[in-house]
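Asks: Could you have a look at this structure, given as structure tokens, before my questions?
Values in this text are rule-based calculations from the coordinates and carry no lab data. Worth saying up front: this structure is predicted, and the values here are computed from it rather than measured. Methodologically, a virtual Cβ is constructed for each residue, glycine included, from the backbone with ideal geometry; neighbour enumeration extends over all protein chains shown.
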Amino acid sequence: DSGVTQTPKHLITATGQRVTLRCSPRSGDLSVYWYQQSLDQGLQFLIQYYNGEERAKGNILERFSAQQFPDLHSELNLSSLELGDSALYFCASSAPYSDTQYFGPGTRLTVL
Amino acid sequence: GQNIDQPTEMTATEGAIVQINCTYQTSGFNGLFWYQQHAGEAPTFLSYNVLDGLEEKGRFSSFLSRSKGYSYLLLKELQMKDSASYLCAVRSDYKLSFGAGTTVTVRA
């Protein structure tokens, strides 16, 4: 158990819908990262927040957005869902001045 | 951009040693990580190299050569529970880019 929590564990929805994935970082960690892992793409970095501010952006689609709240939890919003968005979505966190990321258990999203 | 290469699959016998190689090309370099991932589970941190040389941690060791853009993960005294995917990841700026992973199968 890394100390990073994610909800929900599983999510099944239909094309065109919108979902919100939630992440709570380890106690004391200020950075939160979001990743997408699909069978054909591997683990892809989406976006990073540090203490409420966006710090880095990866291959995140315009239909996706994220934010980090004052209590440091983060949410990833996915809208206008397509079949290809079906994947495992991981959140990770790291401590201040540390580069090591610890991953949460992930949310498995299935778009039907 | 990043280009990270590692073998797709490796098979070894219980008790043996396996070496997983990773080569990378990157526009910047702030460190190299190895993660273990069992199917359907979260990646678990194994090692971090930022300077050249060997880092040893129990049965696992990781080596880095920045001039060659090369790293390896050495797994010793293999156990059945070591069957998993091993991900090489390069940190550049604030981003971590992952290789496709090497699936290691340990046979009795």
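Asks: Could you pull out the residue among B:ALA108, B:ALA42 that is more than 14 Å from the chain's Cα centre (by Cα), within 19 Å of A:GLY104 (Cβ to Cβ) and of a type outside the set (D, E, K, R)? If you could, list the steps in order and put the result at the bottom.
Replies: Values: B:ALA108 fails: within 19 Å of A:GLY104 (Cβ to Cβ).
B:ALA42 is the lone residue from the list that is more than 14 Å from the chain's Cα centre (by Cα), within 19 Å of A:GLY104 (Cβ to Cβ) and of a type outside the set (D, E, K, R).
Asks: Given the residues B:ALA108, B:ALA39, B:ALA89, B:ALA16, which is the only one that is exposed (fewer than 15 other Cβ atoms within 10 Å of the Cβ) and within 11 Å of another protein chain (Cβ to nearest Cβ)?
Replies: Details: B:ALA108 fails: within 11 Å of another protein chain (Cβ to nearest Cβ); B:ALA89 fails: exposed (fewer than 15 other Cβ atoms within 10 Å of the Cβ); B:ALA16 fails: within 11 Å of another protein chain (Cβ to nearest Cβ).
Only one candidate passes the filter, namely B:ALA39.
Asks: I'd like to verify a number: residues in the range B:19-36 that are more than 12 Å from chain A (Cβ to nearest Cβ), among the polar types (S, T, N, Q) and part of a loop (DSSP other than H, G, I, E, B), how many?
Replies: Total satisfying the criteria: 1.
Asks: Failed condition for A:ILE60, given (1) within 14 Å of chain B (Cβ to nearest Cβ); (2) of a type outside the set (D, E, K, R); (3) crowded, with 21+ Cβ neighbours inside 10 Å, with all others met?
Replies: Looking at each condition in turn, A:ILE60 falls short on (3).
Asks: Assess whether A:GLN44 counts as being within 14 Å of chain B (Cβ to nearest Cβ), free of Cβ contacts under 8 Å to residues at least 24 places away in the same chain, surrounded by fewer than 22 Cβ atoms within 10 Å (Cβ to Cβ) and outside any loop (DSSP other than H, G, I, E, B). Lay out the reasoning, then the answer.
Replies: Working: within 14 Å of chain B (Cβ to nearest Cβ): yes; free of Cβ contacts under 8 Å to residues at least 24 places away in the same chain: yes; surrounded by fewer than 22 Cβ atoms within 10 Å (Cβ to Cβ): yes; outside any loop (DSSP other than H, G, I, E, B): yes.
Here the answer is yes, as A:GLN44 does meet what is asked.
Asks: For the range A:7-36, how many residues meet the condition of being outside any loop (DSSP other than H, G, I, E, B) and surrounded by 21 or more Cβ atoms within 10 Å (Cβ to Cβ)?
Replies: If we filter the range A:7-36 for residues that are outside any loop (DSSP other than H, G, I, E, B), which is where we start, we get A:7, A:10-13, A:19-24, A:31-36.
Going one step further and asking which of them are surrounded by 21 or more Cβ atoms within 10 Å (Cβ to Cβ), we end up with A:21, A:23, A:31-36.
Total satisfying the criteria: 8.
Asks: While we're looking at this one, here's another question. Of all residues in the range B:46-67 being outside any strand (DSSP E or B) and touching a residue at least 12 places away in the same chain (Cβ under 8 Å), which is nearest to the other protein chains (Cβ to nearest Cβ)? Walk me through it before giving the result.
Replies: Of the residues in the range B:46-67, the ones outside any strand (DSSP E or B) are B:50-52, B:58-59, B:66-67.
Retained after the next criterion (residues that are touching a residue at least 12 places away in the same chain (Cβ under 8 Å)): B:50-52, B:59, B:66-67.
Numbers: B:VAL50: 8, B:LEU51: 13, B:ASP52: 17, B:ARG59: 19, B:ARG66: 15, B:SER67: 21 Å.
In this case the residue turns out to be B:VAL50.
Asks: Exactly one of these conditions fails for A:LEU88: (1) of a type in the set (A, V, I, L, M); (2) in a strand (DSSP E or B); (3) within 15 Å of the chain's Cα centre (by Cα); (4) surrounded by fewer than 17 Cβ atoms within 10 Å (Cβ to Cβ). Give me its number.
Replies: Only one criterion is unmet by A:LEU88, namely (4).
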